[in-house]
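Reading through the structure tokens given below for one structure.
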Amino acid sequence: TVGAVAIDLHGNLAAATSTGGMTNKKFGRVGDSSIIGAGNYANNVTCAVSCTGHGEPFLRAVTAHDVSCLMEYKGLSLRDACREVVHKKLPRIHGEGGLIATDAAGNIELVFNSDGMYRGMQHSDGRREVAIYKED
Amino acid sequence: MKPFGIAIHGGAGTIPRDSLSAEREALYLEGLDRALSAGYEVLLRGGSALEAVREAVVELENNPLFNAGRGSVFNHIGSHDMDAAIMCGRTLEAGAVSGISQIKNPIVLAETILKHSDHVMLIGQGAEEFARLHHLEFADAGYFYDEFRHQQWKEALAAGRTQLDHSLPANEKMG
């Protein structure tokens with residue numbers, strides 16, 4: 001699965017997610033990637049999120065929208081909302097993987113509970129990184 | 001100047017450091033770097049967030065290393081089932097597609113659905129018919145064939161398991 005989230009010069013957010021699914025999958029199985037709210041969500045009021053990982057738990061957790069809800073209804077920061085979902089909620093239902101997210105203030109989070117996530121970010125403040133492993 | 005930026009991912013899972021050769025690791029990092037640049041360039045010239053995420057994902061879809069578009073894994077019958085979604089935070093408009101096998105860039109189809117369909121999500125043959133109407137680029141099975149992916153599929157088929165792209169099989173012992 002691949003994905004991107006962005007905030008533009010006008011403060012608008014967007015999220016995109018695309019996947020080839022799981023090797024040897026059958027019966028027309030669909031994961032979270034193409035389900036709005038599960039693997040992909042964007043709302044200028046809160047955040048833009050793209051997920052990657054084991055699709056079934058991500059679907060049951062309505063993961064991407066959950067991050068947005070924690071910000072909108074509970075007042076959590078992007079960082080705290082992402083960590084709550086990835087490190088607390090998903091592991092309880094055996095959800096392995098991660099997500100990338102950005103908010104209306106230009107904060108960016110790349111959070112995962114697996115051994116690694118192919119990832120990268122670039123910000124107008126000069127920060128730029130690409131990484132694979134947890135310890136990077 | 002207001003802050004702007006982009007983040008990308010190319011999948012997550014069990015990726016032990018010693019599972020990738022230095023050469024293959026460099027290829028992954030280069031692929032991520034290219035996708036990041038593609039999206040950031042859009043933002044730098046004042047383009048929209050929607051355009052930036054599409055461009056970054058198109059770049060990843062065109063890279064056979066990543067499980068999407070050209071690098072999609074094989075399903076049970078040795079074909080491909082691709083899914084994609086895109087959402088605009090300003091308008092809350094969304095476009096999604098599932099179960100397609102011949103579209104070169106599924107994320108472009110998702111964006112076309114967002115912009116030109118009354119619906120949010122299209123699937124299978126109907127989605128490909130919609131793509132044809134909007135002159136999107138199709139690709140044949142040869143474009144999506146990758147020897148590494150094919151080997152992954154044959155092993156999964158023989159073992160009767162379904163697996164994530166970046167994860168070791170559940171029954172694989174380490175150490």
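The values are calculated or read from the model by the stated rules, or taken from the named source; none is laboratory data. Keep in mind that this is a model prediction, so the values were computed, not measured. Note: ideal-geometry Cβ built from the backbone for every residue, glycine included; neighbour counts use all protein chains shown.
Looking at the structure I just gave you, is A:Gly31 farther than 26 Å from B:Glu155 by Cα and either free of Cβ contacts under 8 Å to residues at least 40 places away in the same chain or at the interface with chain B (Cβ under 7 Å from one of its Cβ atoms) (or both)? So A:Gly31 fails the test. Taking the listed residues A:Thr46, A:Thr102, the one that is touching a strand residue (DSSP E or B) at 6+ places or on another chain (Cβ under 8 Å), at the interface with another protein chain (Cβ under 8 Å from one of its Cβ atoms), closer than 21 Å to B:Ile6 by Cα and of a type outside the set (Gly, Ala, Ser) is A:Thr102, with no other qualifying.
Restricting the search to helices (runs of 4 or more DSSP H) fully inside region A:1-94 and requiring at least 2 residues that are under 18 Å from A:Arg119 (Cα atoms) gives A:78-83. Just one of the listed residues (B:Ala35, B:Ala26, B:Ala12) is modelled with pLDDT of 95 or more and either within 7 Å of chain A (Cβ to nearest Cβ) or crowded, with 18+ Cβ neighbours inside 10 Å (or both), namely B:Ala35. Determine whether region B:79-90 contains at least one residue that is more than 8 Å from every other protein chain (Cβ to nearest Cβ) and farther than 13 Å from A:Gly20 by Cβ. There is no residue in region B:79-90 that is more than 8 Å from every other protein chain (Cβ to nearest Cβ) and farther than 13 Å from A:Gly20 by Cβ.
Against the condition of a type outside the set (A, V, I, L, M) and modelled with pLDDT under 95, how does A:His65 come out, does it pass? Taking the combined requirement at face value, the residue does not satisfy it. In region A:118-127 there is no residue that is over 23 Å from A:Ala6 (Cβ atoms) and not small (Gly, Ala, Ser). Residues satisfying the criterion are absent from region A:66-81 (criterion: over 11 Å from A:Ala101 (Cα atoms), among the β-branched types (Val, Ile, Thr) and under 11 Å from the mean Cα position of the chain (by Cα)). A Cβ distance below 7 Å, combined with a sequence gap of six or more or placement on separate chains, defines the contacts here; from region A:107-129, residues that are more than 7 Å from every other protein chain (Cβ to nearest Cβ) and part of a strand (DSSP E or B) reach no residue that is surrounded by 20 or more Cβ atoms within 10 Å (Cβ to Cβ) and of a type in the set (D, E, K, R). Residue pairs, Cβ under 9 Å, 6 or more apart or interchain, first in region B:37-50 and touching a residue at least 24 places away in the same chain (Cβ under 8 Å) and under 18 Å from B:Thr91 (Cβ atoms), second of a type in the set (Phe, Trp, Tyr) and outside any helix (DSSP H, G or I). List them. Sorted first by the residue in region B:37-50, then by its partner, the pairs are B:Ala49/B:Phe4. Could you tell me whether any residue of region B:114-137 is exposed (fewer than 13 other Cβ atoms within 10 Å of the Cβ), touching a residue at least 12 places away in the same chain (Cβ under 8 Å) and under 17 Å from the mean Cα position of the chain (by Cα)? Taking every residue of region B:114-137 in turn, at least one turns out to be exposed (fewer than 13 other Cβ atoms within 10 Å of the Cβ), touching a residue at least 12 places away in the same chain (Cβ under 8 Å) and under 17 Å from the mean Cα position of the chain (by Cα). Scanning region A:1-17 finds one or more residues that are farther than 16 Å from A:Val111 by Cβ, touching a Phe, Trp or Tyr at 6+ places or on another chain (Cβ under 6 Å) and touching a residue at least 40 places away in the same chain (Cβ under 8 Å).
Summed over region B:1-52, residues that are part of a helix (DSSP H, G or I) and within 26 Å of A:Gly116 (Cβ to Cβ) total 23. If the condition is being more than 7 Å from every other protein chain (Cβ to nearest Cβ) and among the hydrophobic types (A, V, I, L, M, F, W, C), then region B:40-78 contributes B:Val42, B:Leu44, B:Val58, B:Leu65, B:Ile77.
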